[in-house]
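Okay, structure first, notes after.
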Amino acid sequence: MLKKAVSLVLLMVLLIPFISLGEQTVSFTDSTGRVVQLPRDIIRVAPTGPLAQLALLSIAPEYLVGLSVALNHYDRPFLEDLFGKLPVLGQLYGTSGEINLEELMNLDPQVIIDVGEPRDTVREDMDALQEQLGIPCVHITMYYQDAGRAYIELGNLLGREDKAARLASYLDRNYKRMLDINDKVGENKVRMLYCVGEAGLNVIAQGSYHAEIIDLITSNAAVVKTPSGRGTGNEVDMEQLLLWDPEFIVFETITAYENAQKDPLWASLQAIENNNYVLAPKGPYNWLGFPPSVQRYLGTLWLQKTLYPQVADYNLKEEVQAYYRLFYDYDLSDDQYDAIMAYALLK
């Protein structure tokens, strides 16, 4: 009996290196169905682009080894304390992109994370990146309506299940409230255009990924044959805007917003004539998209309260401040809120 026990102990000692080696990695199935071998304990990640960056900043900012895009003056006050100083690596989509591969490799991320709309070639892109860089690459699909599910996946990936559950619960609850308000509005949705660019002559068209919350909350007047998948939208001319003649316009840039007050052609649109136009709020990032990431839930709060105040019966400032605390661990002051909303509310 003693001899058998000694033999068993010796066998276990011999197997320890192999058992430990097996425990160093785990299998993770990403949103495309790809099974990727990842380190068990992940503490260094790199985003492929701004959508992934913004999602990661809200769930595990200290894990980032670099940013895909630099923070601008709208974003910096709310986000930079989450991670300190990080190098800007650039964006990486598919097998191409403007990214400093040498610096990326030197920073030694354990995984590269892609978040957002799945491109047609996303599986091939992730496989090619992984083979090229020798770093595991995963894609997490995130549409507006299932952002909560996407956060659960990110939480499982990064060992942040508790934080992911809180964020997902918030997103699911607010998505349901958005639908309830929509039901009360019924067929009375406002005909809206979201005009982007310095001239305001690009529109975010119905059916595009960037138009998700616009299409849900409003009657998006921008109906085109081939909606652009880019945040710069579809280019149109003034004649087309006059034909659409929306009830309400949101401008992306202050230049276009201010020009609408001066240009006689813009003034002939009923939205401008009736002062039913605003500037999309920013900070962090544009609340209607660009990137079309999780901050669009701020856009939902703002847009429904602006368009349908009679049924959106919540305090917008309190809701926005609660969002900042949950997602960015940031206490948004009343003055900061007022600055964000300076041109975003109807006159």
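The values are calculated or read from the model by the stated rules, or taken from the named source; none is laboratory data. These figures come from a predicted structure and were not determined experimentally. Backbone-built Cβ (ideal geometry, glycine too); neighbour counts: all protein chains shown.
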I'd like to check which helices (runs of 4 or more DSSP H) are fully inside region 239-336 and have at least 3 residues that are over 19 Å from Ala222 (Cβ atoms), in the same structural domain as Thr218 (by TED's automatic domain parsing) and among the hydroxyl-bearing types (Ser, Thr, Tyr).
316-328
For Gly233, indicate whether it is farther than 17 Å from Leu301 by Cα, in contact with a helix residue (DSSP H, G or I) (Cβ under 9 Å, 6 or more places away or on another chain) and modelled with pLDDT under 95.
yes
Residues of region 33-81 being crowded, with 19+ Cβ neighbours inside 10 Å, of a type outside the set (Phe, Trp, Tyr) and assigned to a helix (DSSP H, G or I), in sequence order, are Pro50, Leu51, Ala52, Gln53, Leu54, Ala55, Leu56, Leu57, Ser58, Ile59, Leu79
Out of the residues in region 255-274 that are under 21 Å from Ile340 (Cβ atoms) and either touching a Phe, Trp or Tyr at 6+ places or on another chain (Cβ under 7 Å) or among the acidic types (Asp, Glu) (or both), state the one that is surrounded by the fewest Cβ atoms within 10 Å (Cβ to Cβ).
Glu258
Looking at region 257-277, which of its residues are in contact with a strand residue (DSSP E or B) (Cβ under 6 Å, 6 or more places away or on another chain) and either aromatic (Phe, Trp, Tyr) or under 30 Å from Tyr328 (Cα atoms) (or both)?
Tyr257, Tyr277
Residues satisfying the stated conditions in region 154-163, i.e. over 15 Å from the mean Cα position of the chain (by Cα) and crowded, with 17+ Cβ neighbours inside 10 Å:
Gly155, Leu157, Leu158, Arg160, Lys163
Go through Tyr277, Tyr337, Tyr323 for me and flag whichever is out of contact with any Ser or Thr (no Cβ under 9 Å at 6 or more places or on another chain) and crowded, with 21+ Cβ neighbours inside 10 Å.
Tyr277
Exactly one of Gln145, Gln132 is of a type in the set (S, T, N, Q), under 26 Å from Pro246 (Cα atoms), surrounded by fewer than 16 Cβ atoms within 10 Å (Cβ to Cβ) and not assigned by TED's automatic domain parsing to the domain that holds Val236, and that one is Gln145
Is there a residue in region 201-215 that is surrounded by 22 or more Cβ atoms within 10 Å (Cβ to Cβ), touching an Asp or Glu at 6+ places or on another chain (Cβ under 9 Å) and of a type in the set (S, T, N, Q)?
yes
So, first residue within 16 Å of Lys282 (Cα to Cα) in region 302-322, second residue part of a loop (DSSP other than H, G, I, E, B), Cβ within less than 7 Å, six or more apart or across chains; the pairs are Trp302/Pro281; Trp302/Trp287; Trp302/Ala344; Thr306/Leu345; Thr306/Leu346; Val320/Leu332; Gln321/Leu332
